[in-house]
1. What are the residue pairs meeting all of these: first residue in the stretch 78-94, first residue within 17 Å of Ala430 (Cβ to Cβ), second residue in a loop (DSSP other than H, G, I, E, B) and at pLDDT below 85, Cβ atoms under 8 Å, and 6 or more apart or on different chains?
2. I need the full set of residues from the stretch 336-347 which are at pLDDT 90 or above and either charged (D, E, K, R) or crowded, with 17+ Cβ neighbours inside 10 Å (or both), in order please.
3. What single numbered condition from (1) within 27 Å of Ser132 (Cα to Cα); (2) surrounded by 12 or more Cβ atoms within 10 Å (Cβ to Cβ); (3) polar (S, T, N, Q) fails to hold for Ser227?
4. Does at least one position in the stretch 163-175 carry a residue that is under 30 Å from Gly225 (Cα atoms), aromatic (Phe, Trp, Tyr) and crowded, with 17+ Cβ neighbours inside 10 Å?
5. Restricting attention to the stretch 370-398, report how many residues are without any contact (Cβ under 8 Å) to a residue 40 or more places away in the chain and within 20 Å of Val112 (Cα to Cα).
6. From the residues in the stretch 339-386 that are in a loop (DSSP other than H, G, I, E, B) and of a type in the set (S, T, N, Q), which one is nearest to Tyr125 (Cα to Cα)?
7. Can you confirm whether the stretch 227-236 contains a residue that is part of a helix (DSSP H, G or I) and within 48 Å of the chain's Cα centre (by Cα)?
8. Exactly one condition in (1) at pLDDT below 90; (2) closer than 23 Å to Lys107 by Cβ; (3) in contact with a helix residue (DSSP H, G or I) (Cβ under 8 Å, 6 or more places away or on another chain) is not met by Ile416; state its number.
Amino acid sequence: MNNIKNIIVVVICLSFSLLTSCGQKHTEGDGHDHGKETTEHAEGDGHDHGEESHAEDDGHDHGEESHAEGDGHDHGAEGEEHEEGLHLTREQTETIGLEFGELASIKVNDFVKASGTLGLPPNAYSSVTAKSSGIIIGTKKFVEGNYIKKGEIIAYLENPDFIIKQQEYLESKAQLKLKKYDLERQKNLVEADAGVMKNLQNAEAEVAILEAKSVGLSKQLAYLGISTSNLSPGSIRQQIAIVAPMSGYISRINFHNGLYAQSSISLMEIMSAEHLHLELDVFEKDVAKIKKDQKISYTIPALGETIFEGQVNVIGKEFNAENKTVRIHGHLKGKKPMFLKDFFIDAKIWLNDNTATALPEKAIISDGENEFIYVAKNEPKSKEIEFQKISVITSATNNGFTAVKLLDPIPAGMKIVTKGAYYVYAQEKAGALKHEH
């Protein structure tokens, strides 16, 4: 019996203890979690109870707790309404250096995009060939890519026929001199009525034949590079020099010592950098906008981001039906790029200046295929600034300004974020990511 009484006493004590703990009052910030308990506030505890008393059967579902408005507790998303849109505090806008402005009307030079290569006209190429058949000797140490000057010796060509031609020229020259003496004598005889006209006529014919032969041999030797002005039996040579016909870069070498060269075979190819120009392809829809002397700016991706300049020179007259393009030829202006034929280039052909509605480049945000700006009411006394996005379509950019067209009107009283728009965009993206989690 005593044991049973003791058990009953313990049960009663535990029950009383539990009831007491459930009804205990907690002060604000006592470390207890009030998420699922009924919190009681004493009258005059500093809380506003004007809207906290609810009848048990008033038909409203109050969840599992009743909190006084403004009791200092963080209720998460319960009973709280968040304003939609992007907001930044005044302190945040000052930290990022936000600036506001309006649309500007400025001259923006529009352009047409084009692509192509660095090219050369036909007269910029030259093939080096032997002027006669012969054996290549004494080649100079050239490799492809070397720059060579006009008249520079490349190699020598050797052929016994060169000796024979020089010999024939000297013989013809000597015979001509002798026949001229004979012609003069025949003239004197005829004038003295002591000569025969037929002999004079024969002398004149022989002089004419020898003159033609001498001139012909002299021209042949000059073609081979042998001067006849000081040619004598002691200066006869059996080899001639092969020289560069123009200045430029060597693009191909096809000879070596001991090679038997023929005049029909090219020994070397030279390209002149002086004739380097732009060969651009412009699409059919843009051809009508292109005019001679329009400025061109272009970059060569292989050489980095350096911007070079050019000028439209010739508008092609042939339409490429396959690519729907027309070839535009342009001259290089100012600093020229490193010479490499057929380098791919990206170009802009600049059109006439037009007045357009524009904004600073930094005011425009690109997100994929979408472009937009931020607008807001910049009221000095407001603690927060709410931003809105306005979609735009951009076109030409010049001197830091980009021409834009607004897809929606800017609400009254709002101004455009002209500086710091990227930070507003970053804040919006960060908020979106946080909301997703």
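1. Note: pairs meeting the criteria are Thr89/Lys383.
2. The first filter runs over the stretch 336-347 and keeps only residues at pLDDT 90 or above, leaving 344-347.
Listed by number, the residues that qualify are Ile345, Asp346, Ala347.
3. It fails just one condition, (2).
4. Within the stretch 163-175, the subset under 30 Å from Gly225 (Cα atoms) is 163-175.
Adding the requirement that they be aromatic (Phe, Trp, Tyr) leaves 169.
Checking which are crowded, with 17+ Cβ neighbours inside 10 Å leaves us with 169.
Scanning the stretch 163-175, I find at least one residue that is under 30 Å from Gly225 (Cα atoms), aromatic (Phe, Trp, Tyr) and crowded, with 17+ Cβ neighbours inside 10 Å, so the answer is yes.
5. Going residue by residue through the stretch 370-398, those that are without any contact (Cβ under 8 Å) to a residue 40 or more places away in the chain are 370-372, 377, 379-381, 389-394.
Restricting the remaining residues to those that are within 20 Å of Val112 (Cα to Cα) gives 393-394.
Total satisfying the criteria: 2.
6. The residue in question is Asn378.
7. Kept after step one, since they are part of a helix (DSSP H, G or I), are these residues of the stretch 227-236: 233-235.
Subsequent filtering for residues that are within 48 Å of the chain's Cα centre (by Cα) retains none.
For the stretch 227-236, residues part of a helix (DSSP H, G or I) and within 48 Å of the chain's Cα centre (by Cα): absent.
8. Checking Ile416 against (1) at pLDDT below 90; (2) closer than 23 Å to Lys107 by Cβ; (3) in contact with a helix residue (DSSP H, G or I) (Cβ under 8 Å, 6 or more places away or on another chain), the one that fails is (1).
The values are calculated or read from the model by the stated rules, or taken from the named source; none is laboratory data. For clarity, every value in this text was computed on a predicted model and none was experimentally measured. Cβ sites come from the backbone with ideal geometry, for glycine too, and all protein chains shown count toward neighbours.
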